[in-house]
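Participant: Before I ask anything, here is the structure I am working with.
The values are calculated or read from the model by the stated rules, or taken from the named source; none is laboratory data. Since this is a predicted model, take the numbers as computed values, not measurements. Cβ atoms come from the backbone with ideal geometry, glycine included; neighbour counts cover every protein chain shown. We work out accessible area using only protein heavy atoms, side chains counted, and drop any ligands, DNA or RNA first. Shrake-Rupley method; radii C 1.70, N 1.55, O 1.52, S 1.80 Å.
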Amino acid sequence: MTDFDFRLSRNAFGRLVFTSASGEVHEGALPVRAFPISAADEGLSLVAANGQELAWIDRLSELPDDTRAIVEEELARREFMPEISRILHVSSYTTPSNWTVATNRGEATFTLKGEEDIRRLAGASLLIADNHGVHFVIRDLHALDKVSRKILDRFL
């Protein structure tokens, strides 16, 4: 386990406050994942409001429980990326098309503007951007059911 020489807390407005070992205080600090999809819990940076890196965290699990809880809470507030578990319906195999999908946050419907809005990531992961800029992730293409994979194959 790595020792960390900083402290995290929240101010009265709910903003993250980073306090270094020397007592330097940065309000509005943000945790940023280096690899948000392929290694979400590895390689996090705590950055100041001006973008300056304050601390590097190799693994989220190395943080003390109370600090890890604050970091996870802050990440959850900032990140919204529903994970698609099944493709229920696609209005057309040409774009733009309306997709209805089952996600870890419930059923969602979005418009895919173009095939270029589906990006392959490391391994068998895909990132799909809808017409409003919301990103949906498919962590493992091979874990989808046969019908969903068949629909995706038409767009890949």
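Participant: Please give the Cα centre distance for region 38-66 versus region 10-24, rounded to the nearest Å.
Facilitator: 15 Å
Participant: Would you mind classifying region 92-156 by shape? Square roots of the alpha carbon gyration tensor eigenvalues, ordered a ≥ b ≥ c; an a/c under 1.5 is rounded, otherwise it is prolate if a/b is larger than b/c and oblate if not.
Facilitator: Values: a/c = 1.28, a/b = 1.20, b/c = 1.07.
Since a/c stays below 1.5, the shape of region 92-156 is classed as rounded.
Participant: Once ligands and nucleic acids are excluded and a 1.4 Å probe is used, how much of ARG33 is accessible, expressed in Å² to the nearest 10?
Facilitator: Per-residue accessible area (ARG33): approximately 50 Å².
Participant: Rounding to the nearest 20 debye, state how big the charge dipole of the chain is about its Cα centre with +1 on each Lys and Arg Cβ and -1 on each Asp and Glu Cβ.
Facilitator: Values: 18 positive and 24 negative charges, 157 e Å.
So the magnitude is around 760 debye.
Participant: Given all pairs of different Cα atoms, what value in angstroms does the Kirkwood hydrodynamic radius of region 1-144 take?
Facilitator: Numbers: mean 1/r = 0.0580 Å⁻¹.
Result for region 1-144, one decimal place: 17.2 Å.
Participant: With every protein chain left in place, what is the accessible area per residue of the chain in square angstrom, probe 1.4 Å? Could the numbers behind the result be given before it?
Facilitator: Values: 9170 Å² over 156 residues.
Accessible area per residue, the chain: 59 Å².
Participant: May I pose another question? How big is the antiparallel share of DSSP beta bridges in the chain, given as a percent to the nearest 5? Working shown, then result.
Facilitator: On the way: 36 of 38 bridges.
Taking every DSSP beta bridge within the chain, about 95 percent pair in antiparallel fashion.
Participant: Rounded to the nearest percent, how much of the accessible area of region 109-149 (1.4 Å probe, protein heavy atoms only) is carbon and sulfur?
Facilitator: 50 percent
Participant: Now for a separate question. Ordering GLU83, GLU107, GLU24 by how much accessible area each has at a 1.4 Å probe, largest first, what is the list? Please list the in-between numbers first.
Facilitator: On the way: GLU83 60, GLU107 140, GLU24 100 Å².
Ranked list, largest accessible area first: GLU107, GLU24, GLU83.
Participant: While we're here: Nearest 0.05, what FRET efficiency do GLN52 and ARG10 give at R0 = 22 Å with Cβ-Cβ as r? Can you show the working numbers first?
Facilitator: On the way: r = 20 Å, r/R0 = 0.91.
Efficiency at R0 = 22 Å is approximately 0.65.
Participant: Another question, then. With r as the distance between the Cβ atoms of ARG105 and GLU27 and R0 = 35 Å, compute the FRET efficiency 1/(1 + (r/R0)^6) and round to 0.05. Before the final figure, lay out the partial values.
Facilitator: Working: r = 31 Å, r/R0 = 0.87.
The computed FRET efficiency comes out at 0.70.
Participant: Under the definition of Cα pairs under 8 Å and six or more residues apart, what whole-number percent is the relative contact order of the chain?
Facilitator: Values: 269 pairs, mean separation 20.4, N = 156.
So the answer I get is 13 percent.
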